[in-house]
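Participant: Quick one: structure below, then a few questions.
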Amino acid sequence: MTLAALFGCAGPALGKDEAAFFSEAQPWGFILFGRNIQDPDQVRALTSALRATVGRADAPILIDQEGGRVARLRAPHWRRYPPAREFADLAASDPSLACEMAWLGARLIAHDLFALGINVDCAPVLDTPAAGSHDIIGDRAYGRGPDMVALLGRVAAEGLLAGAVAPVIKHIPGHGRAMADSHLELPVVDADIAELEAIDFAPFRALADAPMAMTAHVVYRAIDPERPGTISPVVIGEIIRRRIGFSGLLMTDDLSMHALGGTFAERTRASLQAGCDVVLHCNGDPAEMAEVAGAAHTLTGRAAARAREALERVAAPPESFDEEAGRRRFDAAFQMRFAE
């Protein structure tokens, strides 16, 4: 039986105790961070070892490889990609070229990930930043208007899928108005529902057919003044599932972020009871993971079907792709500014 959870691990190789824990807990999948990355051969060995613990060759292995400041794969073994804002800046003068490059950049990232055994990228960011909001989103956004965010987010998601890597749209239903970093504290948004509908929700609605989405640890006073989106049945049921129309697999943002209160068991139960399909715990702390595993339930019913459908989207080999030509085209479009 598969646990409705995704876990991180502590370092570049699995320890004996970690492997035993994952084998017993049987999480749906895993997530990698910079602490897990050394070189391509090491990452391939780690992804293989993680899948071996659960006995599933298609077990999802996630990474945050957006480009810009959010990139777990870095030089000297991997190339740098621009942040999302660079594509929006390009669109100001050439929208067609910006769309082509957003697709191509994502396709090149997918090429990097697929070669390592990583089949899920926690991107694109579909948040629309508001004036004066915290810079935790900042240049990670594809512009300051929902139409551009939706347009460039769509082609980026398609570029990942073409490379057999599943995109995770984030942070649904919108982190762009947050005046605080949810890694450190709980943001509260005071905008009314009409404004949220018109701006914040719009890019997510445009990509409601995405295979996966990640929640926002944000309180929306107009919707649920007491609970952040991740643990709010109203936000998940009424907004994410009904108004936005997202029907794919819904995962939490990291449960170890300080925006959430309570024990890890309480965070886990609240997230799943609110309607999240799986919980995400990232830091690799064994005691915290054990607490999450003890509180999480088995992945069954509609949640299990969504998980299966999400992985079916990337079950086929990547579409044919000339990597070298793609890199030359990408570098030329950005005038070599992002070539290593």
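Just so it is clear, none of the values below were taken in a lab; they were calculated from the coordinates. Note that this is a predicted model, so its numbers are computed, not measured. We place every Cβ from the backbone using ideal geometry, glycine too, and count neighbours over all the protein chains shown.
Participant: What full-extension length gain, to one decimal in nm, is calculated for E309 and A194 as 0.36 nm per residue of separation minus the Cα-Cα distance?
Facilitator: Computed gain between E309 and A194 is 38.2 nm.
Participant: Another question about this same structure. Using Cβ contacts closer than 10 Å as the measure, can you line up R302, R227, R329 from fewest to most?
Facilitator: Going from least to most buried by this count: R302, R329, R227.
Participant: Let me know the shape class of the chain, please: from the alpha-carbon gyration tensor, a ≥ b ≥ c as square roots of the eigenvalues, rounded when a/c is under 1.5, otherwise prolate if a/b is greater than b/c, or oblate.
Facilitator: Since a/c reaches 1.5 but b/c is at least a/b, the shape of the chain is classed as oblate.
Participant: I would also like to ask the following. Through the Karplus equation 6.51 cos²θ - 1.76 cosθ + 1.60, θ set to phi - 60°, convert the phi angles of the stretch 98-105 into ³J(HN,Hα) values in whole Hz; use x for Gly and Pro.
Facilitator: Ordered by residue, 3J(HN,Hα) equals 4, 5, 4, 6, 5, 5, 5, x Hz.
Participant: What is the dipole size for the stretch 92-185, taken about its Cα centre, with +1 at each Lys and Arg Cβ and -1 at each Asp and Glu Cβ, in debye to the nearest 20?
Facilitator: 160
Participant: Please find the FRET efficiency linking T300 to A265, where r is the Cβ-Cβ separation and R0 is fixed at 30 Å, and quote it to the nearest 0.05.
Facilitator: With a Förster radius of 30 Å, E is 0.95.
Participant: Now a separate question. If each DSSP helix of 4+ residues adds -39,500 (n - 2.57) and the sum is divided by the residues in the chain, what number results at 222 nm, nearest 500 deg cm²/dmol?
Facilitator: -11000 deg cm²/dmol
Participant: So, one more: If amide H atoms are built 1.01 Å from N in the plane of the peptide, which residues on other chains or at least 5 residues away come under 5 Å of the amide H of V120?
Facilitator: Close amide H contacts, sequence-distant or interchain: I61, I63, A166.
Participant: Counting other beta carbons within 10 Å of each residue's own, what order do V155, V168 fall into, fewest first?
Facilitator: Exposure proxy ranking, most exposed first: V155, V168.
Participant: Follow-up. Set Lys and Arg Cβ to +1 and Asp and Glu Cβ to -1, take the dipole of the stretch 3-333 about its Cα centre, and tell me which of S133, T298, A270 lies farthest positive.
Facilitator: The listed residue farthest towards the positive side: T298.
Participant: Tell me, what ³J(HN,Hα) does each residue in the stretch 4-12 have, in order and in whole Hz, if you take phi through Karplus 6.51 cos²θ - 1.76 cosθ + 1.60 with θ = phi - 60° and put x for Gly and Pro?
Facilitator: 7, 8, 10, 10, x, 10, 7, x, x
Participant: Taking H as built 1.01 Å from N, whose amide H comes closer than 5 Å to the amide H of D253, not counting residues under 5 places away?
Facilitator: Distant-sequence amide H within range of D253: T215.
Participant: Give me D for the stretch 203-291 in µm² s⁻¹, whole number, from Stokes-Einstein with Rh from the Kirkwood sum over alpha-carbon pairs, 20 °C and 1.002 mPa s.
Facilitator: 162
Participant: Treating only the Cβ of Lys, Arg, Asp and Glu as charged (+1, +1, -1, -1), what charge dipole size does the chain show about its Cα centre? Round to the nearest 20 debye.
Facilitator: 380
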